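My questions all concern the structure below.
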Amino acid sequence: MLIEKNAALPASTTQRYGTYEDNQTSVEVNVWEGEQKDLSFCKKAGTGPISGFPPLPKGSPLEVTMTFTEQGIIEVHARELTHGRELNMRLERPQGMTEAEKRQASTQLAKMQVE
């Protein structure tokens, strides 16, 4: 979990990662929201590539900063630490629930009992 629930916005966090394979020039960023480590209980907030790095060897360090803005935008800043190349991307979160999510929530609520 990178940004805790109810964190004051804008909220930002930085983590270090490494490239997965030799000659890697991009990374796929997947952002999930939720409180569980099991992603099946979380909602995907956005996904997208950050590309344009020089070909990197496996295990090259990347520093990734994610900022969640007050407008619901996720700004991702990646810095490749060997050559210093920096790249950015923005993920705009969909607002509200989809029709399928509304149906699922309605079904779950109908099964609940108040005691």
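When both residues are 6+ apart or on different chains and their Cβ atoms are under 7 Å apart, which pairs have a first residue that lies in the stretch 73-86 and is closer than 20 Å to GLU33 by Cβ, and a second that is outside any loop (DSSP other than H, G, I, E, B) and small (Gly, Ala, Ser)?
Listed pairs, sorted by first residue: ILE74/ALA45; ILE74/GLY46.
I've got another one for you. Pick from LEU9, LEU91: which is in a strand (DSSP E or B), modelled with pLDDT under 90 and within 29 Å of ALA105 (Cβ to Cβ)?
After applying the criteria, what remains is LEU91.
Tell me yes or no: at least one residue of the stretch 44-60 is charged (D, E, K, R), free of Cβ contacts under 8 Å to residues at least 24 places away in the same chain and in contact with a Ser or Thr (Cβ under 6 Å, 6 or more places away or on another chain).
no
Name the residues in the stretch 16-39 that are in contact (Cβ under 8 Å) with a residue 40 or more places away in the chain and among the small types (Gly, Ala, Ser), would you?
Of everything in the stretch 16-39, just one residue is in contact (Cβ under 8 Å) with a residue 40 or more places away in the chain and among the small types (Gly, Ala, Ser), namely GLY18.
Within the stretch 44-61, take every residue that is surrounded by 17 or more Cβ atoms within 10 Å (Cβ to Cβ) and touching an Asp or Glu at 6+ places or on another chain (Cβ under 6 Å) and give me the one that is nearest to GLY18 (Cα to Cα).
PHE53
The values are calculated or read from the model by the stated rules, or taken from the named source; none is laboratory data. Fair warning: this is a prediction, and the values are worked out from it, not measured in the lab. FYI the Cβ positions are ideal-geometry reconstructions off the backbone, even for glycines, and counts take in every protein chain you see.
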